Amino acid sequence: MDENGSVLKEALNIADLLGENGAQFQISTKYNDHGEEFFMEDDYGSADEDEDAHRKIMNPWDKSFDELRGQMFMVSEFVYKRITKPGVGDELVPDRARVKIDYNGYFEGETYAFDSTSMRGEFKTFTIGKSEVLEGLEEAVKSMKPSEEAQFVIGYQVLFGELGCKPRIKPKADALFIVKLVSFTDPGDAAALDNLTPEEQRSYAVVKQKVVDTRNHAKDYFKKNLVANAINDYHKAVNYLEQCNIKDEAEQLEQTETLIQIYTSLAVCYNKKDNPRKACLMINEIRRLGNLERLPRALFHEGRALMNLGEYGRAKTSLVKAQKLEPTNKEIAKELKILNERWEKSRQDEQSICARAFGLKERKDIRLTEEQISFTNTMKGTLEAFTADERSKQLTLPEGLTSKEMDMVQDLADQFGLRLNLYKDNNKDFYRLEKKSTSKKDEE
């Protein structure tokens with residue numbers, strides 16, 4: 001966002017900005033918010049959206065950089081650091097390593113990021129020592145461990161220099177960078193991998209690490225609510241595993257367990273994307289691989305998918321099995337409650353339709369209100385036009401009709417010789433009037 005409050009359609013890319021051809025950018029007059037969902041391997045996918053995407057790229061520090069430096073330790077003369085999430089292990093990023101980071105960069109006193117991989121929806125990958133990113137950012141990344149998250153105040157001397165890059169970058173512009181080190185490849189490992197034969201590169205021992213990295217990327221995408229990207233990466237991981245060479249039973253067992261975990265994550269993603277059929281396909285893959293009855297998380301997502309398909313009986317079977325495995329799990333209990341409510345409503349709707357169709361529902365002779373009389377007259381006119389139109393075979397009723405209004409519709413349907421039917425679409429009930437067949441051809 002600039003000083004007048006305009007938001008860039010896309011974040012500026014530092015490499016383009018400093019290149020020979022410069023960078024082009026456009027101002028957006030609209031700013032859309034998108035939810036972020038947290039996701040872990042043992043999460044049941046409750047769609048708990050925690051903060052908007054624009055909050056993700058807002059500057060968390062509203063005071064001076066000098067005050068922030070006072071809360072940090074010195075990495076070098078121009079780079080100060082504060083760790084917000086410790087990394088894994090003791091190894092720092094070595095020279096010539098290929099690194100992958102997620103970051104947002106902010107100038108002092110500005111609310112929104114001037115450069116953001118989060119806003120672009122993709123990680124930044126570069127090689128240490130090849131001047132592919134700003135000197136200060138590379139120096140900061142070299143101080144990090146795998147999976148570490150940290151904040152850096154970096155001096156202008158190792159960023160855009162004394163003159164900056166007007167008008168976007170002011171002279172002597174220090175910057176705050178919030179960085180997550182997603183992964184890095186040791187240069188020795190990369191060279192060794194290049195020297196392997198194609199057969200050796202497909203070995204489980206080599207593919208295993210590639211799968212770990214790909215799954216981590218998928219989880220990060222899911223956290224940013226980029227579910228389609230997460231699905232794509234999870235399927236990549238499946239392909240890696242299914243095409244690798246297995247040398248013994250131990251590797252076979254480990255491969256199978258990993259595939260089960262990935263297919264479960266895919267079921268979570270597809271349920272999140274309101275695609276229950278594909279979620280069920282992922283669960284069927286798990287069933288093919290092993291004993292589904294021992295996996296409460298997979299059973300839970302099978303139950304959720306079946307419920308959204310209107311398969312209430314099968315959904316309850318899966319959820320009850322999951323609850324037996326984890327009787328204190330609140331998410332499973334909550335899902336069973338939702339299922340029972342939907343199932344009961346579905347039963348009542350079906351009974352109501354049957355009662356109307358066979359004239360079994362008792363009706364009291366209650367005087368109509370003016371609003372109900374108006375509704376009846378309007379609906380009668382609609383049905384007259386519908387029956388007169390030979391091309392129209394069906395008429396879908398509007399949502400939200402009361403039970404009294406449905407009684408009136410049924411009376412009018414009987415008068416006009418129409419059928420009133422209940423349909424389901426994506427687990428949503430709606431009513432439709434249909435013309436009765438008048439010939440053998442129509443019945444066929």
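Nonpolar atom fraction for segment 204-248, defined as the carbon and sulfur part of the 1.4 Å probe accessible area, stands at 45 percent.
Checked against a 24 Å cut-off, the cross-linked pairs K273/K428; K236/K321; K236/K278; K85/K124; K210/K324; K145/K166 give Cα-Cα distances beyond that limit for K236/K321; K210/K324; K145/K166. Looking at segment 225-327, the trypsin sites (Lys or Arg not before Pro) that sit in a DSSP loop and have at most 14 other Cβ atoms within 10 Å of their own Cβ are K247, K273. The loop-placed GluC sites (Glu not before Pro) in segment 234-303, going by DSSP, include none that has at most 12 neighbouring Cβ atoms within 10 Å of its Cβ. Segment N329..T376, full-extension length gain: 12.0 nm, with 0.36 nm per residue of separation and the alpha-carbon distance subtracted. Taking every protein chain into account, the accessible area of segment 203-315 amounts to 44 square angstrom per residue (probe 1.4 Å).
The values are calculated or read from the model by the stated rules, or taken from the named source; none is laboratory data. All values derive from a computational prediction rather than experimental measurement. Note: ideal-geometry Cβ built from the backbone for every residue, glycine included; neighbour counts use all protein chains shown. To get the accessible areas, we keep the full protein, side chains included, count just its heavy atoms, and leave off ligands, DNA and RNA. Shrake-Rupley method; radii C 1.70, N 1.55, O 1.52, S 1.80 Å.
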